[in-house]
Structure formats: structure tokens, C-alpha cells
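Structure record follows, encoded as C-alpha cells.
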């Protein structure tokens, strides 16, 4: 048996034996070929973001942002800090299909219930004016008689 054929036969086993990990997240699960996903409930704060596979450390090449694809590079220096602005269910998705691993961070959106607001009810009672059956002629002074407060829910 040729050596290259033997090495190629072992490759799928190596790929499936290793898995991505990140502090605070459960091990990543494979979703198709070259995509790995992990979900965790995290609290608000700041935390370092590093990813590990087979004793190799990876970190983002650029600033960490939600819902954007970030290129990964081997770790060097201090790891970038990830600022979490709210508590929630966060997802990390690693894509290795393009040659350079990429990372996408997202948070599960929570739908807030909208409160029902009614129209404001003024404290002042509305008044109705009775013209007294006479019409107003131009040039004459008009003085309306005020009656009882009108029904406020007309």
C-alpha cells in the first residue's frame, strides 16, 4: 500500500477526532462539511475570546463584532476582549471551508412584548356650547352659553 493512500485514508478520522473548543462554550458540533457551531447562555461583561483545536490556539484578526464574519489567525500576544452588552443565548459558528477559518458571533433575538397603550384621557372635562337656535350674523358679537360637561367617551 502506498504511503499517500494510507495518509489520505486516515484524514477523515483525524478531522472528526478533533473538535473546536472555546472557554465558556460546550464543544462545537459539526454542521455539514467544514462548519462547526456552539451555543451558550452568557452574562453581560467582558471576556477573552480564543478558540482551540488540536492544541492550536486561534483568535480573531479584527475587532470582535456581532453578526459579522471575522477571520481567524493563530494566537499571538494577549487575546482580544469580547464585550457582551446584554445577557443572552450566544452562538459561535466556525467555517473552515475557505481555507482561512472564519468566525461568526450572534445572539438569539428575544421578542419583547409590546405594551398596549391607550389614548390619554384628559382630566379636563369637555364642554359643549349651545348657540341657542340663532345663527351668528357677520359683525355681531357672539357669546355662547356653556352647558353641562359633555360625555367624555363620545
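Dividing the mean sequence gap of close Cα pairs (under 8 Å, 6+ apart) by how many residues the stretch 19-107 holds gives a relative contact order of 31 percent. The order of 83, 47, going from fewest to most other C-beta atoms within 10 Å of their C-beta, is 83, 47. Segment residue 29..residue 76, full-extension length gain: 14.3 nm, with 0.36 nm per residue of separation and the alpha-carbon distance subtracted.
Read the figures in this text as sums done on the coordinates, not as results from a lab. This one's a predicted model, so the numbers in the text were calculated from it and none came from an experiment. Don't worry about glycine lacking a Cβ; one is built from the backbone with ideal geometry, like all the others, and counts go over all protein chains shown.
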